[in-house]
Structure formats: structure tokens, C-alpha cells
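Encoded as C-alpha cells, the structure appears first; notes follow it.
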Amino acid sequence: MSVKNKKSVVIEEYNEEWPKAFHIIESILSKKLNDLALRIEHVGSTSVPRLAAKPIIDVDVVIESMEHLPEVIKKLDELGYVHEGDLGIKNREAFARKDGYVPYSNEGMVKQEHHLYVCNRESEELKRHILFREILRKYPLLVTEYTNVKNQLSHTFRNNRTAYTEGKTEFITRIMNEYKDSL
């Protein structure tokens, strides 16, 4: 079992600091990656107002093509990220942080815990992240329903992140199928 799965699942009420934390990370990444990044997306639960979440920011850096990946890996390494590979998801590369100060900046501040991914424009995982975020932003009642699902799962699977994540899949799949044509 990996270290990630040993950490207990803690869900917090929505925090207005999450978008601010994303913007700090985004600003540092944008300066370093410059034209290599088409855009940098705040995805996952912390990107949806009023949605309870694990206090971990999900960041998708979008690049034109995986041909640019070696250069992106080099620049992210300079910011303190370690390339972990695609972890089994095509066109989405994962990056771990060397320490709490990553991405490194002149301020030397500890940054919000986050997961960083680099995706090309055609990445299905990127498209899913954006679609689910936009559905939840458009339909506040779904935010309430998803918060309830997450709270229930986090109590049931407090010490099993894998089971918690698998438990969310049914809700996510249902919502994506029901609402994908509504945007």
C-alpha cells in the first residue's frame, strides 16, 4: 500500500483560500513554463465553489503536444517537482513535490498541498476534469449532493483512500452521463 493510501481521508468545508492558493501556484508555473503551457487549469473539488473537499489543489498544465514533455519536465524539476510518469493514464503525466515549498519561488513560502499533472490538449482525462468541474459549477444542487456523498464516504472509508475514491466513481460517472450535453 502506498503512503498516499495510508493517509486518512479528511474532507473540509469549501475554503475561499483554495482559489487563492491555486493562483499562487499558477503564477509560478506560468512564469517558468511560459509559452510551453497553453493554459493552467484549477480542477478537482477545490475548484468548485461551496464543494467540500480534501484540502488538496488539483492542477492540470495543458501543453500542445507530448513532444514538449521533456522540456516541461526539465522546467518543473527546477521548481522542485519530480516526474512520476503517466501512472497508467494516457496523455496525463503526474508530478510529485520534493517538499512543501514546491513550486519554489523567491518568497520561499510553503505552498498549499497540491497534485500537478501535465496533459496534452487531446487528453481524455483533462476533458473529464473540465467537464465535471463545469457541470458542478452550473448546478449547485449537484454540489450539495456530491458533498453529502463525499462526507458519507469519508466517514465509511476514513483510512482507505482507494475505497473512498472508488466510492465517488459511481456518482461522478452518473453525473457526467446525465449532464454532459447540458453545457
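Kindly put Phe22, Phe157 in sequence by how many other C-beta atoms sit within 10 Å of each C-beta, fewest to most.
Phe157, Phe22
Would you mind checking the pairs Lys31/Lys150; Lys31/Lys180; Lys54/Lys74; Lys98/Lys150; Lys32/Lys150 and listing those with alpha carbons more than 32 angstrom apart?
On the way: Lys31/Lys150 35 Å; Lys31/Lys180 34 Å; Lys54/Lys74 29 Å; Lys98/Lys150 29 Å; Lys32/Lys150 35 Å.
The answer is Lys31/Lys150; Lys31/Lys180; Lys32/Lys150.
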With charges only on Cβ, +1 for K and R and -1 for D and E, what is the dipole size of region 69-125 about its Cα centre, in debye, rounded to 20? 80
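Please give the contour-minus-distance gain from Val110 to Glu145: 0.36 nm per residue of separation, less the Cα-Cα distance, rounded to one decimal in nm. List each step's numbers first, then the result.
On the way: separation 35, 0.36 × 35 = 12.60 nm, distance 3.29 nm.
Contour length minus the Cα-Cα distance gives 9.3 nm.
Which net charge results for the neighbourhood of Val59, defined as the other residues with beta-carbon distances under 10 angstrom from its beta-carbon, given Lys and Arg at +1 and Asp and Glu at -1? List each step's numbers first, then the result.
Numbers: positive: none; negative: Glu26, Glu41, Asp58, Asp60.
In short, -4.
Could you size up the charge dipole of the chain around its Cα centre, putting +1 on the beta carbon of Lys and Arg and -1 on that of Asp and Glu, and report it in debye to the nearest 20? Don't jump to the answer; show the numbers that get you there.
Working: 28 positive and 29 negative charges, 98 e Å.
That gives the chain a dipole magnitude of about 480 debye.
I want the antiparallel fraction of DSSP beta bridges within the chain, as a percent rounded to 5. Walk me through the numbers before you get to the answer.
Details: 15 of 22 bridges.
Approximately 70 percent, going by the DSSP bridge assignments.
Which FRET efficiency value, to the nearest 0.05, do you get for Asp35 and His155 by plugging their Cβ-Cβ distance into 1/(1 + (r/R0)^6) with R0 = 45 Å? Before the final figure, lay out each step's value.
Numbers: r = 46 Å, r/R0 = 1.02.
Efficiency, rounded to the nearest 0.05: 0.50.
Laboratory data are not the source of any read-out in this text; all were calculated from the coordinates shown. Fair warning: this is a prediction, and the values are worked out from it, not measured in the lab. When we count neighbours, we look across all protein chains shown, and the Cβ atoms used for this are built from the backbone with ideal geometry, even at glycine.
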